[in-house]
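Just below is one structure, and these are the notes that go with it.
Every read-out reported here was derived from the displayed coordinates using simple, explicitly stated rules and does not represent laboratory data. Keep in mind that this is a model prediction, so the values were computed, not measured. Note that each Cβ is placed from the backbone with ideal geometry, even for glycine, and that neighbours are counted across all protein chains shown.
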Amino acid sequence: MRKMRRTIAAALATAAAFAAVAGPASALTTGDQTVGGTTLSTLSLGVSTPAVILTGLAPGGTASGTGAVVVTSTNSWTLKVADATANAGHLGQTGGTCAGSEASTVNPLTVTTTGTPGNTSSAGAKTIGATPTTVATGTFADALTNAYSLLLGNTETLLTGCVYGTTATYTVQ
Amino acid sequence: MSTTALAAVPSPASALGLGVSTPSVTLANFAPGQQASGTGALTVSGVLTPWTLKVADGSGHAGHLAPAVVGCAGSELQTVNALSVTASGLLPTTNGAGAVIGAGSATVANGVATDTVNLAYRLDVGGTEVMRAGCVYSTTVTYTVQ
């Protein structure tokens, strides 16, 4: 009888020891990691709409169309536009049936560039020419809208179906 | 009987442990219009049973990076996108996964043995995100092994 009691006591002690050791295996363990980066200086320009179609291109009317560019910058920037082609801001014939039509529009294109208020300042309506003209300035990155306008004279000879166009080049610095 | 039972008791080494090998991870290429990236590592130790590694951002940013108080005037209050992380172990028994880090826990790895878990972070920064050059963005992510 005395021997039996010792055996039971030993078994209970074993069970208690087992539970005490196994406990930590199910405990949660956590660790923190700080992830971060320092903003690099960057400046780039993306053209969201490589081709802009003007509507209302007819004598006596005002043709208009809208394009977009994205300035990606971490510093103050200035956006300029120029037409480096021989058209110098005027639209020249680029296709279609143009026999007898004006070689180029009498007036040059104008553009008004706008962005997010408080970030981008518009220079207002600017005439596009061979020389770069500032159309907007800004502080940080922004998506910009370019609203084009072209006033066509009543006496301009424009044949139906004649395609006019030019290429405006934007530079950010 | 008691002697046999004591021999089967797991050693204290079976307790889970999580070591943070790289407490601070620096993301390279951190700028608008870029994909920032960086690597870190953890060590899951003392394992005799299957484990699961989870990640969450309990800092209030929910995985987005927030600017420092100084040097960031005018910058975004947080990145548009959240961090993502892809975990991978050195052992073939460790299974890694990718997850976008948020406020809730996401499983990024599981295994059955002590292993080093490598962590590849990535953050796509939008081209129009307003960030001042030199501004430091960061957050703290918390890993849990169980």
Inset, instruction - Mind checking B:16-26 for the average number of partner chain beta-carbons within 10 Å of each residue's beta-carbon? - result: 4
Inset, instruction - Please report, largest first and rounded to whole Å, the three semi-axes of the ellipsoid equivalent to the range B:7-146, where each semi-axis is the square root of five times an eigenvalue of the C-alpha gyration tensor. - result: 34, 13, 12
Inset, instruction - Report the relative contact order of the range B:13-66, percent, no decimals, based on alpha-carbon pairs under 8 angstrom and at least 6 residues apart. - result: 37
Inset, instruction - Calculate the mean, over all residues of peptide B:27-35, of how many other protein chain Cβ atoms lie within 10 angstrom of the residue's Cβ. - result: 6
Legend entry - Evaluated at q = 0.16, 0.20, 0.29 Å⁻¹: base-10 log I(q)/I(0), Debye formula over Cα of the range B:52-111: -0.58, -0.75, -1.11
Inset, instruction - Name the most mobile residue of B:VAL117, B:VAL130, B:VAL55, meaning the one with the largest mean-square fluctuation, in a Gaussian network model of chain B with Cα contacts below 10 Å. - result: B:VAL130
Inset, instruction - Shielding by partners for B:120-126, please: the mean number of other protein chain Cβ atoms within 10 Å of each residue's Cβ. - result: 2
Inset, instruction - Please find, in a Gaussian network model of chain B (springs between Cα atoms separated by less than 10 Å), the residue of B:LEU16, B:LEU119, B:LEU42 whose mean-square fluctuation is greatest. - result: B:LEU16
Inset, instruction - Using the Cα centre as the reference, give the magnitude of the dipole from point charges on the C-beta atoms of the protein assembly as shown (Lys, Arg: +1; Asp, Glu: -1; all else neutral), rounded to the nearest 20 debye. - result: 1660
Inset, instruction - Throw me the Rg/Rh for the protein assembly as shown, computed over C-alpha atoms with Kirkwood Rh, two decimals. - result: 1.34
Inset, instruction - Identify, among A:GLY165, A:THR62, B:LEU65, the residue whose Cα sits farthest towards the positive end of the charge dipole of the protein assembly as shown, taking +1 on the Cβ of Lys and Arg and -1 on the Cβ of Asp and Glu, with the dipole about the Cα centre. - result: B:LEU65
Inset, instruction - Of the options A:TYR148, B:VAL55, A:GLY100, report the single residue whose Cα projects farthest towards the positive end of the charge dipole of the protein assembly as shown (beta-carbon charges: Lys, Arg +1; Asp, Glu -1). - result: B:VAL55
